[in-house]
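The values are calculated or read from the model by the stated rules, or taken from the named source; none is laboratory data. This one's a predicted model, so the numbers in the text were calculated from it and none came from an experiment. Cβ placement follows ideal geometry from the backbone for every residue including glycine, while neighbour counts extend to all protein chains displayed.
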């Protein structure tokens, strides 16, 4: 939004690929996020640069080369109602605005400042180590639980979405993480408010790390909480490359 000359709360597009937009009038767009295949008509669209799009031209964001989500801002921002302080679609409650559908026409506002570009594109940072702190239910686990949590290598599950990133630990015939901690009978705990980055342990032994569309409360034990900057990194986990291992480190 800053590069497009918009206010911080202006609505933008979030896409994992397959986005096609046709400009109804001359405008300026800015693409940010991981490296991806994107074009204005047949001309590659550079990241982090204010790019002019003439009326009738098409902007296409295809597949991601690395990461999961790209963001496209239009100078002036997409005009849509604000609900509960946000203009984002909420996956669980289906709060407006609704996801884009074929043929929908969107209005654009007026930019506050002059659009600008960066000389070098900035993308999400990538690290195989995710920083965590002790969660509110740590006392329910065996003493070595957090040590074991940080020793294991975790894989991103294809079942991940904007609600949460699901992580599995390869068992190689051994017990799951939940079984090894002897907490399979723990089940659910009293519901409590959830925060972005909370690491819940599901009965299956999977970890579920809460993302932007997480519910307000949850009933699975929270063994750890991910550092805010590393939550952003997890949200860019490439679901097509689920063999990339992740490890936790305490901070």
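Consider residue 149 carefully, then state whether it is in the same structural domain as residue 209 (by TED's automatic domain parsing), crowded, with 17+ Cβ neighbours inside 10 Å, touching a residue at least 40 places away in the same chain (Cβ under 8 Å) and not in a loop (DSSP other than H, G, I, E, B).
For residue 149, the condition - in the same structural domain as residue 209 (by TED's automatic domain parsing), crowded, with 17+ Cβ neighbours inside 10 Å, touching a residue at least 40 places away in the same chain (Cβ under 8 Å) and not in a loop (DSSP other than H, G, I, E, B) - is met.
Please verify whether residue 134 is surrounded by fewer than 16 Cβ atoms within 10 Å (Cβ to Cβ), in the same structural domain as residue 228 (by TED's automatic domain parsing) and over 20 Å from residue 204 (Cβ atoms), treating the condition exactly as stated.
yes
Given the residues 87, 166, which is the only one that is touching a residue at least 60 places away in the same chain (Cβ under 8 Å) and under 21 Å from the mean Cα position of the chain (by Cα)?
Just a single option satisfies the conditions, and that option is 87.
Given the criteria within 26 Å of the chain's Cα centre (by Cα) and either over 19 Å from residue 76 (Cα atoms) or in contact (Cβ under 8 Å) with a residue 24 or more places away in the chain (or both), does residue 43 qualify?
Answer is no for this residue.
Looking for whichever is modelled with pLDDT of 85 or more and buried (at least 16 other Cβ atoms within 10 Å of the Cβ) here; the options are 140, 186, 167, 106. Which one fits?
167
Could we say that residue 94 is within 18 Å of the chain's Cα centre (by Cα) and surrounded by fewer than 16 Cβ atoms within 10 Å (Cβ to Cβ) here?
yes
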